[in-house]
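**Q** The structure under discussion is supplied below as structure tokens; questions concerning it will follow.
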Protein chains: 2
Amino acid sequence: MNEESFPVPKGFSAAGIYCGLKKAKKDLALVVSEVPAVAAGVYTQNKVCAAPVVVTKEHCAQPVGVRAIIANSGNANACTGESGMENARRMARAVAEQLHCREQEVLVASTGVIGQQLQINKIETAAPALAGELSSAHFRDAAEAIMTTDTFPKMSARQFMLGGSTVAILGFTKGSGMIAPNMIGDNGAKHATMLGFICTDARIGKTALQAMLSDATERSFNSISVDGDTSTNDMVLLLANGAAGNESLESDSKDYAIFSDNLESVCVELAQMIVRDGEGATKFIEIHVRGAATDESANIAARSIGGSSLVKTAIFGMDANWGRIAAAVGYSGIDFIPADMEISLCGLSVLGKNYHSEFDEAEMKRLLSEKDITIDVNLNGGTGEAKFWTCDLSLDYVRINGSYRS
Amino acid sequence: MNEESFPVPKGFSAAGIYCGLKKAKKDLALVVSEVPAVAAGVYTQNKVCAAPVVVTKEHCAQPVGVRAIIANSGNANACTGESGMENARRMARAVAEQLHCREQEVLVASTGVIGQQLQINKIETAAPALAGELSSAHFRDAAEAIMTTDTFPKMSARQFMLGGSTVAILGFTKGSGMIAPNMIGDNGAKHATMLGFICTDARIGKTALQAMLSDATERSFNSISVDGDTSTNDMVLLLANGAAGNESLESDSKDYAIFSDNLESVCVELAQMIVRDGEGATKFIEIHVRGAATDESANIAARSIGGSSLVKTAIFGMDANWGRIAAAVGYSGIDFIPADMEISLCGLSVLGKNYHSEFDEAEMKRLLSEKDITIDVNLNGGTGEAKFWTCDLSLDYVRINGSYRS
């Protein structure tokens with residue numbers, strides 16, 4: 001991935017440096033908008049919610065615009081009580097001092113180990129150097145600086161016309177384990193340890209921006225899982241600074257779909273990268289449930305298949321054990337007629353109606369040896385459909401997570 | 001485990017033989033009551049429900065008593081359509097012919113691979129030999145015959161006085177993978193690939209028997225998980241033949257608690273054996289949540305901890321990663337005050353109120369090297385409490401399930 005090829009939204013710059021929270025790798029990221037930007041966010045619904053999530057929600061709710069996002073890896077600043085809250089505020093303040101803006105104009109995020117106090121002095125000491133590195137060419141550094149068990153930085157961008165203006169969307173994300181995003185906007189949307197930061201130079205009203213982010217999140221970050229554990233720190237933030245000069249996009253604008261489709265496309269690409277980089281993953285699995293009574297039922301079924309340890313170990317073992325898929329739909333709680341269910345694996349039918357199952361085992365084995373696996377379920381009971389993405393459950397997942405702290 | 005030491009309820013006999021469904025081990029079990037017994041059952045709520053579950057529910061609902069339970073391993077007779085239903089009925093008929101009773105007086109159960117037709121002719125051919133092996137000394141053979149990936153047969157029994165009569169309860173069970181029981185009685189109780197068969201010579205009314213089984217199941221089989229996958233075949237059956245001669249126990253009998261406590265004790269012992277024998281398990285984990293607003297909230301939190309892959313891999317790695325436990329309570333969906341939460345691992349406090357965490361890492365490491373692990377969570381927000389049992393998520397779990405069919 002070469003960042004030269006990414007269109008960078010006008011008026012945004014980024015930096016990523018090493019400040020000493022991790023052993024030797026970049027651990028501090030900054031994204032800055034030249035002018036105050038409209039901000040939207042979706043956040044973990046975990047009750048044990050990290051201090052930076054609390055502070056960022058507060059700052060996002062202010063009527064003022066947002067100038068920057070600072071994020072560290074190596075420490076989640078979660079389960080850290082009052083000291084943690086104070087440290088999250090000090091992170092924002094350190095950036096505000098560099099940008100000569102108010103603390104409330106800076107959003108903060110953290111990822112890493114839970115339950116240890118953040119070494120805030122290291123961040124404060126590094127703040128001038130971090131600001132000194134700001135450049136429109138340094139988004140990749142920022143993407144690297146938020147990595148934890150990730151094996152590669154994750155970026156996605158789009159450039160397109162919006163009401164006569166050229167606009168760009170650029171996002172980056174991190175996440176590999178403790179991934180089962182369930183994020184909700186403060187306006188009431190939903191389902192990750194994952195962080196995602198997206199910026200655009202489009203001019204967009206706050207209500208429309210939040211609605212677009214919440215919708216896109218449902219069909220991207222909230223439709224993936226690695227291990228089913230929803231983190232204390234998940235958040236996705238979207239900043240729109242208006243530098244593209246388009247007429248402000250509102251909920252009833254005719255170009256609404258143009259932007260929201262591009263945003264969703266960026267979010268889906270980022271979300272899929274998280275799954276591809278899932279801890280220990282050897283397979284990327286796309287689950288597509290169709291023929292459900294409603295889209296919501298299809299989502300519940302797809303999520304149940306994607307959460308099944310037995311399905312995930314079977315795919316790791318390249319075993320066409322469709323009975324485990326059928327069982328996962330069965331215990332998902334949705335209504336359907338089991339005998340009407342059809343299941344295909346990698347495009348090959350393994351279960352037809354009335355439990356008819358006959359397939360070429362050798363061909364199936366060959367298909368399952370590929371890295372990308374598809375599971376298609378047709379319930380033949382309606383028009384509801386949903387997609388969900390996950391990875392296999394491998395020996396390395398257990399190795400990685402059996403010794404995370406040590 | 002020596003069956004000579006188990007009290008066998010009067011009027012019951014059992015058998016377990018090899019009939020050719022598995023490679024070389026016992027695969028066909030039979031339990032028989034000399035006289036028609038009152039029967040109660042709890043069954044999987046999986047919509048993809050195996051044929052034997054459908055047939056057994058039908059037979060249990062008949063006003064006639066039950067004479068026998070036949071169960072096979074090696075094939076689940078699930079996702080087998082109309083042929084599967086016919087084969088389940090033929091299983092019952094094969095036993096009925098041997099006992100000269102009606103097909104409806106025989107309950108059936110199956111466990112094993114999903115989606116393959118049962119070789120019913122092998123069971124029919126073996127029926128006379130199976131009946132020929134019936135003996136009050138052969139319960140262990142029956143327990144062996146229902147094993148799949150189990151590494152040991154699982155039995156539990158109690159003998160006690162009930163209204164002047166000596167009564168006995170003897171149960172056996174199987175289960176190792178696809179374990180997340182969620183069973184419900186037809187009367188409306190709830191949350192397994194697990195089978196459990198319990199017999200008693202107490203005389204008990206049908207309503208009271210079902211209520212006692214449903215209640216005991218909630219606090220035993222429905223409070224365990226190995227992998228979170230709820231099977232298509234789970235069932236627990238309880239037969240009471242009255243041979244002890246006690247006055248019939250009803251819902252308002254003063255001795256109700258004597259029997260129900262003993263029944264629950266048998267169910268808890270059997271359920272714990274399943275977890276101890278969980279696929280790949282190296283640790284037995286007891287989770288005890290206290291101080292919740294209600295027992296139900298405590299159960300939801302305990303279940304969330306027990307279902308967390310990150311908690312289970314941490315215990316496998318002997319890592320005191322209490323942050324993962326706190327996170328699992330946080331995303332369980334219950335209401336609580338995070339800063340009030342206290343967590344102990346193996347009796348050693350790892351998290352105090354206000355996120356105070358300080359413990360002896362060396363002592364913790366020693367405690368976590370034991371086979372039996374306890375996780376105690378006090379939410380300090382009420383009197384609700386619940387226990388849940390699970391095992392760790394090990395490298396062997398992945399190895400076993402990555403190659404089950406092959």
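**Q** Expressed in nm², what is the orientationally averaged projection area of the convex hull enclosing the Cα positions of chain B?
**A** 19.4
**Q** Which residues' amide hydrogens lie under 5 Å from the amide hydrogen of A:Leu351, considering only partners 5 or more residues apart or on another chain, with H built in the peptide plane?
**A** Excluding prolines and chain starts, which carry no amide H, the hits are A:Ile343.
**Q** Something else: Among the listed pairs A:Lys174/A:Lys387; B:Lys312/B:Lys387; A:Lys371/B:Lys25, give every one whose C-alpha distance is greater than 28 Å.
**A** Table pairs above 28 Å Cα-Cα are A:Lys371/B:Lys25.
**Q** Continuing with this model, one more query. Take every DSSP beta bridge with both residues inside the protein assembly as shown and express the antiparallel ones as a percent of the total, to the nearest 5.
**A** Working: 102 of 150 bridges.
Percentage antiparallel, nearest 5: 70.
**Q** I would also like to ask the following. May I ask you to report, in nm to one decimal and beginning with the shortest, the distances from B:Ser251 to the same position in the other copies, taking label points 7 Å along Cα-to-Cβ?
**A** Going from nearest to farthest copy, the values are 5.1 nm.
**Q** Counting other C-beta atoms within 10 Å, which of A:Met178, A:Met364 has the fewest, and how do the rest follow? Let's see the in-between values first.
**A** Values: A:Met178 32, A:Met364 18.
Ascending Cβ contact count within 10 Å gives the list A:Met364, A:Met178.
**Q** Whole-Hz Karplus ³J(HN,Hα) for the stretch A:266-280, in order, using 6.51 cos²θ - 1.76 cosθ + 1.60 and θ = phi - 60°, x for Gly and Pro?
**A** 5, 5, 5, 4, 5, 4, 5, 5, 4, 5, 4, 9, x, 3, x
**Q** Once the Cβ-Cβ distance between A:Gln119 and A:Glu361 is put in as r, and R0 is 56 Å, what FRET efficiency do you end up with, to the nearest 0.05? Spell out each step's value before the answer.
**A** Details: r = 56 Å, r/R0 = 0.99.
With R0 = 56 Å, the Cβ-Cβ based efficiency is 0.50.
**Q** Just name one of B:Trp389, B:Asn75, B:Val53: the one whose Cα is farthest towards the positive end of the charge dipole of chain B (beta-carbon charges, Lys/Arg +1, Asp/Glu -1).
**A** B:Asn75
**Q** Further question on the same structure: Calculated FRET efficiency, A:Thr151 and A:Thr294, Cβ-Cβ r, R0 45 Å, to nearest 0.05?
**A** Numbers: r = 37 Å, r/R0 = 0.83.
Computed FRET efficiency for A:Thr151 and A:Thr294 comes out at 0.75.
**Q** Where Rh is the Kirkwood radius over the Cα pairs of the stretch B:284-401, the temperature 20 °C and the viscosity 1.002 mPa s, what D in µm²/s does Stokes-Einstein return? Let's see the in-between values first.
**A** On the way: Rh = 14.1 Å.
So the translational diffusion coefficient is about 152 µm²/s.
**Q** Still on this structure, please answer the following. Between the alpha-carbon centers of the stretch A:225-241 and the stretch A:368-403, tell me the distance in whole angstrom.
**A** Using only Cα atoms, the two centres lie 20 Å from each other.
**Q** Considering only DSSP beta bridges whose two residues both sit in the stretch B:3-274, what percent are antiparallel, to the nearest 5? List each step's numbers first, then the result.
**A** Values: 37 of 52 bridges.
Roughly 70 percent of the DSSP beta bridges within the stretch B:3-274 come out antiparallel.
**Q** Moving to a separate point now. Once you put a point 7 Å from the Cα of A:Ala257 and another 7 Å from the Cα of B:Asp340, both along the Cβ direction, what distance in nm separates them?
**A** 5.0
**Q** Over the whole of A:306-316, what's the average partner chain Cβ count within 10 Å per residue? Rounded to a whole number, please. Before the final figure, lay out the partial values.
**A** On the way: counts 0, 4, 5, 15, 11, 2, 5, 11, 5, 1, 5.
Rounded to a whole number, the mean comes out at 6.
**Q** Given q = 0.11, 0.13, 0.17 Å⁻¹, what are the Debye log10 I(q)/I(0) values for the stretch A:3-138, with equal point scatterers placed on the Cα positions and solvent ignored?
**A** Treating every Cα as an identical point scatterer, log10 I(q)/I(0) equals -0.36, -0.51, -0.89.
**Q** Another one. Once you have all Cα-Cα distances for the protein assembly as shown, histogram them in 20 Å bins from zero and send the whole-percent values.
**A** 16, 44, 29, 10, 1
**Q** What are the label-to-label distances in nm, one decimal and shortest first, from B:Asp372 to the same spot in the other copies, with labels 7 Å along Cα to Cβ?
**A** 5.2
**Q** Now a separate question. Sketch the reach of a paramagnetic label on A:Glu370 as a point 7 Å from Cα along Cα-to-Cβ, and name the residues of the stretch A:339-358 whose backbone nitrogen lies under 15 Å away.
**A** Under cut-off, by backbone N: A:344-350.
**Q** Relative contact order, percent, of the stretch B:247-402 when contacts are C-alpha pairs under 8 Å separated by at least 6 residues?
**A** Details: 280 pairs, mean separation 60.7, N = 156.
This gives 39 percent for the stretch B:247-402.
**Q** Tally Lys and Arg at +1 and Asp and Glu at -1 over the other residues with C-beta under 13 Å from the C-beta of B:Ala208: what net charge comes out?
**A** On the way: positive: B:Arg203, B:Lys206, B:Lys254; negative: B:Asp215, B:Glu247, B:Glu250, B:Asp252, B:Asp255.
The answer is -2.
**Q** Right, another one. At 7 Å along Cα-to-Cβ for each site, give me the label-to-label distance between B:Phe160 and B:Glu86 in nm.
**A** Calculated label separation equals 4.8 nm.
**Q** Another question, then. Tabulate in residue order the Karplus-calculated ³J(HN,Hα) for the stretch A:32-39, using 6.51 cos²θ - 1.76 cosθ + 1.60 with θ = phi - 60°, rounded to whole Hz; enter x for Gly and Pro.
**A** Once rounded to whole Hz, the list reads 10, 9, 4, 10, x, 10, 6, 10.
**Q** For the residue pair B:Lys23 and A:Ser5, what label-to-label distance in nm results when each label sits 7 Å from Cα along the Cα-to-beta-carbon direction?
**A** That separation, rounded to one decimal, is 4.9 nm.
**Q** Convert each backbone phi in the stretch A:237-243 into a coupling constant with the Karplus relation 6.51 cos²θ - 1.76 cosθ + 1.60 (shift: θ = phi - 60°), then list the ³J(HN,Hα) values in order as whole Hz, x for Gly and Pro.
**A** Listing the rounded values in order: 10, 10, 10, 10, 9, x, 5 Hz.
**Q** May I pose another question? Alpha carbon centre of the stretch A:20-99 versus the stretch A:273-324: separation in Å?
**A** 33
**Q** Also, quick follow-up: Please report, for B:Glu133, the nm distances (one decimal) from its label point, 7 Å out from Cα along the beta-carbon direction, to the equivalent points in the remaining copies, shortest first.
**A** Here the equivalent label points are 7.0 nm apart from this one.
**Q** If amide hydrogens are placed 1.01 Å from N in the peptide plane, which non-local residues have theirs closer than 5 Å to the one on B:Ala243?
**A** Result for B:Ala243 returns nothing.
**Q** Using modelled amide H (1.01 Å from N, peptide plane; none on Pro or chain starts), what sits under 5 Å from the amide H of B:Ser251, excluding residues fewer than 5 places away?
**A** The answer is B:Ala208.
**Q** Tell me, A:Ser349, A:Ser309, A:Ser231, B:Ser5 in order of fewest to most beta-carbon neighbours within 10 Å? Before the final figure, lay out each step's value.
**A** Details: A:Ser349 16, A:Ser309 27, A:Ser231 33, B:Ser5 8.
Fewest to most other Cβ atoms nearby, the residues stand as B:Ser5, A:Ser349, A:Ser309, A:Ser231.
Taken together, the values in this text are just the output of simple stated rules run on the coordinates, not laboratory data. Since the model is a prediction, treat every value here as computed from it, not as a measurement. Cβ coordinates were reconstructed from backbone atoms using ideal geometry, including for glycine residues, and neighbour counts include every protein chain displayed.
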